[in-house]
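Step one of this worksheet: look at the structure below.
The values are calculated or read from the model by the stated rules, or taken from the named source; none is laboratory data. No experiment lies behind these values; they were computed from the predicted model shown. Positions of Cβ are generated from backbone atoms using ideal geometry, with glycine treated the same way; all protein chains shown enter the neighbour counts. Remember, those area values only see protein heavy atoms, side chains included, never the ligands or the DNA or RNA. Shrake-Rupley method; radii C 1.70, N 1.55, O 1.52, S 1.80 Å.
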Amino acid sequence: MASGHTTLNLEDELNCPLCLQLYADPVILDCGHDFCRHCITKYWEKENRTACPECGQVFPDRSLKANRALGKLVKKSRNHSLNLKLKDNKPYCIEHEEELKLFCETDKKLICVMCLDRRDGRSHKTHNFMLINEAVEIYKDQSNKLQNHITTEFSKMRSVLDEKQQNLFSDLTTQENDVLSRMESNLRKIQENLNRTQQMLLNVQKRLDYQDVYAMLKDPPLDEKSTEDDYQPTIAEGNLPIGIFQGPVQYRVWKQVIDVINPVPTYLTLNANTAHPRLVLSEDLTVVTYGDVKQEVRDSPERFDTCVCVLGSEAFTSGKHYWEVQVGSKTEWDLGVVRESINRKGHTTATPESGYWIVWLRNGNEYKATTVPRTRLNVPRKPRAIGVYLDYEGGQVSFYNVDNMSHLYTFIDTFTGKLFPYFSPGINDDGENSEPLKILPIRCHEE
């Protein structure tokens with residue numbers, strides 16, 4: 001072996017920290033460290049405490065979770081004896097003395113370019129090893145950005161919820177102080193009435209002692225007369241407005257959270273000038289139905305003459321947008337966004353390259369995205385409505401099942417020029433697909 005070579009045994013990374021051997025029945029602790037099941041059990045018995053030997057974290061019980069992923073790696077390591085050599089800190093092929101730059105998906109291992117020239121008749125699907133490393137870094141960076149995005153969005157919602165909670169506390173305190181103030185005022189009035197009554201009784205007693213009782217009863221002192229209009233306050237003058245604070249608080253606050261939603265749900269209408277002659281639009285331009293009769297409409301460059309579809313009236317050239325479309329129990333529909341420059345005359349193949357970023361339903365249960373080749377979508381629950389999300393600068397078009405907001409598919413691309421919402425209700429199919437497509441108004445707060 002040439003001098004300057006260093007041996008790197010990948011099995012070292014698969015060794016238990018306690019026995020320094022390949023993991024046997026590996027388990028993972030809540031702190032994230034791994035050990036052989038036997039080793040950690042024996043360690044805890046010896047130490048008489050359930051703590052991690054690596055970080056010292058103490059656990060309330062001795063429950064252990066199997067690390068199946070690590071177990072599979074150990075099994076592969078034993079089966080394939082993965083021993084790599086390093087040359088100038090880079091893995092190289094022992095047989096050919098060449099750097100391992102490729103990953104063979106056939107053999108599931110790193111190989112060099114000379115390993116491709118084999119005479120065993122097998123084909124090898126490979127990827128550049130350096131590009132794989134770069135891709136890993138890209139995915140890690142993307143994951144970090146997504147985590148930051150999620151954290152930011154939830155922080156916004158938590159901030160709004162905290163603000164709404166404090167506002168309710170403040171309102172409740174105001175109501176409480178108002179009621180208590182009136183109760184204290186009533187107590188003072190009651191006490192004053194009691195004092196006057198006591199004084200009147202004293203006065204009566206004195207007159208009984210010194211005056212004619214008959215005269216006193218006939219003409220009582222003016223200050224001792226009572227009227228029916230005398231106000232008799234009670235202690236419980238007011239009550240807290242329970243309906244405000246014990247009603248559907250969560251629902252009321254949820255309606256107000258719409259203020260921090262980005263994007264704000266987009267209000268869409270249909271562009272009648274683009275509609276295929278068979279399509280019938282509602283008066284408010286939010287519902288499209290396939291008609292039985294081809295209408296006499298003015299032809300124009302923007303109208304579709306073959307594809308049974310219609311575009312939204314608003315074009316998007318920037319920003320984030322979201323809208324929802326009711327599809328009901330239809331057996332066929334197309335939804336998404338398209339480039340303004342798509343061919344509107346004759347037949348065309350819908351692909352991202354030709355300006356279509358859409359998903360469709362065929363035969364009642366076949367959902368596909370218009371990639372090349374088509375991507376079959378796994379949709380376990382038939383959507384009654386579809387949500388479409390467009391991030392123009394981010395190059396993203398995503399689709400969701402509105403019923404449970406489960407993700408259906410996402411296109412990632414680079415957008416230029418105007419993009420329009422795209423709607424196709426499909427043909428009626430002998431009445432099986434006669435339901436219309438309806439753009440849903442998204443209102444989460446009182447207007």
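Miscellaneous remarks
- Full-extension gain in nm, residue 143 to residue 157, via 0.36 nm per residue minus C-alpha separation: 2.9 nm
- The calculated FRET efficiency for the pair residue 57 and residue 371, based on their C-beta separation and a Förster distance of 56 Å, comes to about 0.75.
- Inter-centroid distance (Cα atoms) of the range 413-440 relative to the range 312-366, Å: 6
- The largest accessible area among 61, 391, 30 belongs to the first residue in 30, 61, 391, and the rest follow in falling order (1.4 Å probe, all chains).
- For residue 327, solvent-accessible area (1.4 Å; no DNA, RNA or ligand), Å²: 0
- Of 65/109; 156/320; 164/320; 382/438, those spanning more than 24 Å from alpha-carbon to alpha-carbon: 65/109; 164/320
- The heavy atoms of residue 406 offer some 40 square angstrom of accessible surface to a 1.4 angstrom probe.
- For the range 325-379, the direction-averaged projected area of the alpha-carbon convex hull comes to 4.4 nm².
- Solvent-accessible surface (1.4 Å probe) assigned to residue 28 amounts to roughly 60 Å².
- Sparse packing (at most 12 other Cβ atoms within 10 Å of the Cβ) combined with a DSSP loop state is found for the following trypsin sites (Lys or Arg not before Pro) in the range 361-402: 381.
- Computed P(r) (all Cα pairs; the range 343-447; 5 Å bins; percent): 2, 9, 19, 22, 22, 15, 7, 3, 1, 0
- Residues 190, 94, 412, sorted by accessible area with the largest first, give 412, 94, 190 [1.4 Å probe; ligands and nucleic acids excluded].
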